[in-house]
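Please read the structure below before turning to the comments.
The values are calculated or read from the model by the stated rules, or taken from the named source; none is laboratory data. Computed from a prediction, not measured in an experiment: that's the story for all the values here. Positions of Cβ are generated from backbone atoms using ideal geometry, with glycine treated the same way; all protein chains shown enter the neighbour counts.
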Amino acid sequence: MADSNVNSELEALISLLDEPSVPVFDKIRKKILGYGIQAVPLLEKAWDNSFNDNIQERIEEIIHSIQQANLKTELIEWKKNERVNLLKGFYIASKYSYPDLKLGDIEEKIEKITRDIWLELNDNLTALEKMKVINHIFFDIYGFAGNKSNVDSPQTLFVNNILESKKGNHLTIGMMLIILSQKLGIPVYGVNLPQHFILAYVDEIQENRFTTPNENEVLFYINPFNKGAVFTKREIEVFIKHLKLKPAASFYEPCDNISIIKRLFDNIIQSYKQLGNADRIAELKSLTEIL
């Protein structure tokens, strides 16, 4: 009965969206926003049934505002209680452009790849051999690859697009490898190297599940943009010298998931800067501030 009353109240408010007085409309809009995400289906239904451009624009703006507020709430909750779950963070960031995205659909696809890798693994494999199996299934069998022709495209930054197209940039392909590896109990972490996100395979004996590993626990590094090629600290040193950067511990150490999702949002902001979309940039910056 309560839901029925709420729907009736919402429908009554939505029917007033043609209000010509701006101050009165603002009050109506504010009341609808107060219902949060539950108002979206009724707003979408009203949009479908309306042939008035002004009303449709008002509905679109209200839906977008509700979804943005919901996204902020989800991001705050993830940072506070779920930051160990990188896939959830990736999903929330992807909802910025795909608000109707379902986590279950993403998890199902990830689970299938994870299962195929698990079938090829056994306890007798070395760390290098385990990484070789992951790379083989992920890059060779499933065909994932770095999108070298369009690195800054927004399409390379959202988890649903990557699972569909099998193309990502150095950060998002790396995130996929971290998610798959950690689901299998394999200690692969991100390293926040400037201009190039890389991965670190950590010594399983030294790994502490409750803290981010340090540089001394790293067995080797992985380049996700080059089909998971393995390399050493020496190559990072050469790369840093090439960029003329002052060496920092963070260039060698595994980073936490909040740093990874913040970098993802920075990538998304950069892609919208290239498209010249100021409104999107402002919204994304407000999301980044949460992190």
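Before moving on, here are some points about what is shown:
- Residues that are more than 25 Å from residue 110 (Cα to Cα) and of a type in the set (A, V, I, L, M), drawn from region 37-90: 37, 39, 40, 42, 43, 46, 55, 59, 62, 63, 66, 69
- Candidates 221, 272 - the one that is farther than 30 Å from residue 95 by Cβ, touching a helix residue (DSSP H, G or I) at 6+ places or on another chain (Cβ under 8 Å), among the hydroxyl-bearing types (Ser, Thr, Tyr) and at pLDDT 85 or above: 221
- None of 243, 287, 184 is over 19 Å from the mean Cα position of the chain (by Cα) and either modelled with pLDDT under 90 or closer than 30 Å to residue 65 by Cα (or both) except 243.
- Residue list for region 99-147, restricted to those being touching a residue at least 60 places away in the same chain (Cβ under 8 Å) and part of a loop (DSSP other than H, G, I, E, B): 121
- Test: residue in region 160-167 that is surrounded by 14 or more Cβ atoms within 10 Å (Cβ to Cβ) and on the phi > 0 side of the Ramachandran plot: yes
- Test: residue in region 155-163 that is in a loop (DSSP other than H, G, I, E, B), in the same structural domain as residue 227 (by TED's automatic domain parsing) and under 28 Å from residue 71 (Cα atoms): yes
- Qualifying residue in region 89-96 (condition: under 21 Å from residue 223 (Cα atoms), touching a strand residue (DSSP E or B) at 6+ places or on another chain (Cβ under 9 Å), aromatic (Phe, Trp, Tyr) and surrounded by 15 or more Cβ atoms within 10 Å (Cβ to Cβ)): no
- Close pairs from region 229-243: first more than 25 Å from residue 145 (Cα to Cα), partner aromatic (Phe, Trp, Tyr) and in a helix (DSSP H, G or I), Cβ under 9 Å, at least 6 apart: 237/251
- Residue that is surrounded by the most Cβ atoms within 10 Å (Cβ to Cβ) [pool: residues in region 139-159 that are β-branched (Val, Ile, Thr) and within 17 Å of residue 263 (Cβ to Cβ)]: 159
- Hey, residue 65 of a type outside the set (A, V, I, L, M, F, W, C) and within 21 Å of residue 266 (Cβ to Cβ) or not: no
- Wholly enclosed strands (runs of 3 or more DSSP E) of region 174-288 bearing at least 3 residues surrounded by 17 or more Cβ atoms within 10 Å (Cβ to Cβ): 188-191, 198-202, 218-223
Residues are listed down the side, and each one gets a yes or a no for (1) buried (at least 18 other Cβ atoms within 10 Å of the Cβ); (2) more than 21 Å from residue 284 (Cβ to Cβ); (3) touching a Lys or Arg at 6+ places or on another chain (Cβ under 9 Å):
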position	(1), (2), (3)
43	yes, yes, no
48	no, yes, no
56	no, yes, no
61	no, no, yes
66	yes, no, no
69	no, no, no
75	yes, no, no
79	no, no, no
87	yes, no, yes
